[in-house]
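The values are calculated or read from the model by the stated rules, or taken from the named source; none is laboratory data. Values in this document were obtained by computation on a predicted structure and should not be read as measured data. Heads up, the Cβs are rebuilt from the backbone with ideal geometry, glycines too, and the neighbour counts pull from every protein chain shown. Note: accessible area is taken over every heavy atom of the protein model, side chains too, but ligands, DNA and RNA are not part of it. Shrake-Rupley method; radii C 1.70, N 1.55, O 1.52, S 1.80 Å.
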Amino acid sequence: MIQKLRFVLLMVLLPLAALAQQPESTRVAPIDTSRQVQLDNVDIAPNAVDTEGWLLLDKDIQTELEGAVYNLYNFKYDKAERQFRSLRRRYPNHPMPYFLLGLSTWWKIMPTNNQTKQYDKLFFAYMDTAITKGEALYEADNRNYEACFFLAAAYGFDGRLHADRRDWRKATVSAKRALDYLEISKEANGLSPEFLFGQALFNYYAVWIPENYALLKPVLLFFPKGNKDLGLQQLRNVADNGFYVGPEARVFLMKILLNEENKPEAALPIARYMASTYPDNAYCQRFYALVCFNQSEFRECERISRDILDKLNRGMPGYEAISGRYATYFLGWLTQNKYKNIAKAKEYYQRCIVFAESTGEVNGGFYVYANLALARLADQDKDKKAAIRYYTVVRDVSEHDTEQYIEAKAYLKKNKK
């Protein structure tokens with residue numbers, strides 16, 4: 001158990017970890033495309049470092065790869081990977097092309113909530129190669145902080161997927177190595193916002209975790225002290241100014257604001273930016289639909305939800321059952337409460353249940369609420385048999401201290417056979 005707890009702490013502190021503060025206010029700063037680093041929220045200003053040959057800072061490479069990075073996050077994997085392979089042909093001994101190919105593979109896994117395993121071998125192969133190339137560069141020059149950046153990132157992603165696959169030994173080893181290289185690479189924080197990403201996540205989660213998980217406090221004695229406000233400030237810097245990791249920073253920022261900070265109004269503009277900038281990214285679309293629903297932006301929620309189902313029906317990459325579960329629940333609720341079309345609402349709720357069951361995600365969330373909605377509608381229709389069936393599901397999968405569990409239990413007690 002202690003090993004697992006230590007691992008959990010390590011994993012959430014990983015640099016570039018995907019799988020989601022502002023000291024002055026809760027308002028999200030507007031997205032700035034200038035990518036100018038603001039040194040007032042950089043821990044360490046640049047020192048005299050020889051950056052010759054660092055692809056991460058090469059403006060010509062950035063210009064060349066701008067379309068590829070866009071295609072990656074817009075789920076045009078083939079187009080992005082053609083450019084990454086071209087980079088690999090020219091720089092076969094540099095970790096960057098292998099890491100970018102691995103990142104593209106990661107985003108094929110992520111829309112399924114990391115359930116699909118068909119890309120695992122390819123993903124691990126890319127990250128292993130990035131690590132091998134990065135270690136060779138670092139051994140040749142221990143002030144090659146670019147190599148440390150890619151080592152921290154590659155080990156971080158490697159550890160995340162091993163964790164999802166419940167290989168705790170490999171995950172813990174990768175997590176520890178990622179943190180080791182993160183500590184070294186922070187010397188270059190002032191050279192580029194790319195380097196700041198890992199430190200931003202560390203600063204935030206090193207404080208957030210003990211605030212929310214008291215059991216993990218003793219483990220934090222083994223780690224440097226964090227600063228949650230600074231972490232969010234740094235994360236905004238990376239989101240606004242980062243070229244390669246800017247989109248990853250925005251994904252983390254919108255997830256943190258919604259889930260950890262409970263500030264959906266602050267997450268909304270970031271989610272809107274991601275969904276509009278990458279309109280074929282199923283993950284960003286469904287997250288945006290969720291925030292819109294939470295913020296009563298129902299017209300936009302409906303538009304995005306219909307778009308998700310359309311793309312799912314067309315078999316577009318990344319549009320799978322999980323996105324369908326989001327979209328059908330939102331459309332069911334809107335059809336019931338906005339359009340008063342009960343028959344159509346039932347269809348959406350039932351499709352939501354099918355989507356949830358097809359992925360095995362039946363322990364809460366939309367699955368529970370879809371069954372609850374159908375139970376209430378069945379009760380209104382005096383269909384006692386159907387109401388009992390749906391309420392039984394709600395009772396069986398809900399936490400015992402929730403309102404839906406109490407409602408289901410009361411109904412079933414009252415309507416015992």
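Would you check which residues across region 138-167 are hydrophobic (A, V, I, L, M, F, W, C), under 16 Å from Phe123 (Cα atoms) and open to solvent by 10 Å² or more (accessible area, probe 1.4 Å) and list them? Within region 138-167, Ala163 is the sole residue that qualifies.
Picking from residues in region 253-280 that are under 14 Å from Ala239 (Cβ atoms) and of a type in the set (Lys, Arg), the one that is most open to solvent (accessible area, probe 1.4 Å) is Arg272.
Given the options Pro210, Pro224, name the one that is of a type outside the set (Ser, Thr, Tyr) and part of a helix (DSSP H, G or I). I'd like the intermediate steps shown before the answer.
Details: Pro224 fails: part of a helix (DSSP H, G or I).
None of the other options fit; the residue is Pro210.
Of all the numbered requirements in (1) under 30 Å from Ala275 (Cα atoms); (2) part of a helix (DSSP H, G or I), Tyr244 misses one, and that requirement is (2). It is to be established whether one or more residues within region 176-199 are closer than 30 Å to Leu312 by Cα, within 18 Å of the chain's Cα centre (by Cα) and open to solvent by less than 10 Å² (accessible area, probe 1.4 Å). Within region 176-199 (the criterion being closer than 30 Å to Leu312 by Cα, within 18 Å of the chain's Cα centre (by Cα) and open to solvent by less than 10 Å² (accessible area, probe 1.4 Å)), the answer is no, since none of the residues qualifies.
Give the residues of region 65-88 that are open to solvent by less than 60 Å² (accessible area, probe 1.4 Å), closer than 27 Å to Ser276 by Cα and assigned to a helix (DSSP H, G or I), sorted by residue number. Listed by number, the residues that qualify are Leu65, Gly67, Ala68, Val69, Asn71, Leu72, Tyr73, Tyr77, Ala80, Glu81, Gln83, Phe84. Among the residues of region 137-164, those that are over 12 Å from Gly102 (Cα atoms) and of a type in the set (Phe, Trp, Tyr) comprise Tyr138, Tyr145, Phe149. Determine if region 122-129 includes at least one residue that is modelled with pLDDT of 95 or more, over 30 Å from Pro224 (Cα atoms) and open to solvent by less than 20 Å² (accessible area, probe 1.4 Å). Within region 122-129, one or more residues are modelled with pLDDT of 95 or more, over 30 Å from Pro224 (Cα atoms) and open to solvent by less than 20 Å² (accessible area, probe 1.4 Å). Reported count of residues in region 292-316, each being touching an Asp or Glu at 6+ places or on another chain (Cβ under 8 Å) and buried (at least 17 other Cβ atoms within 10 Å of the Cβ), is 3.
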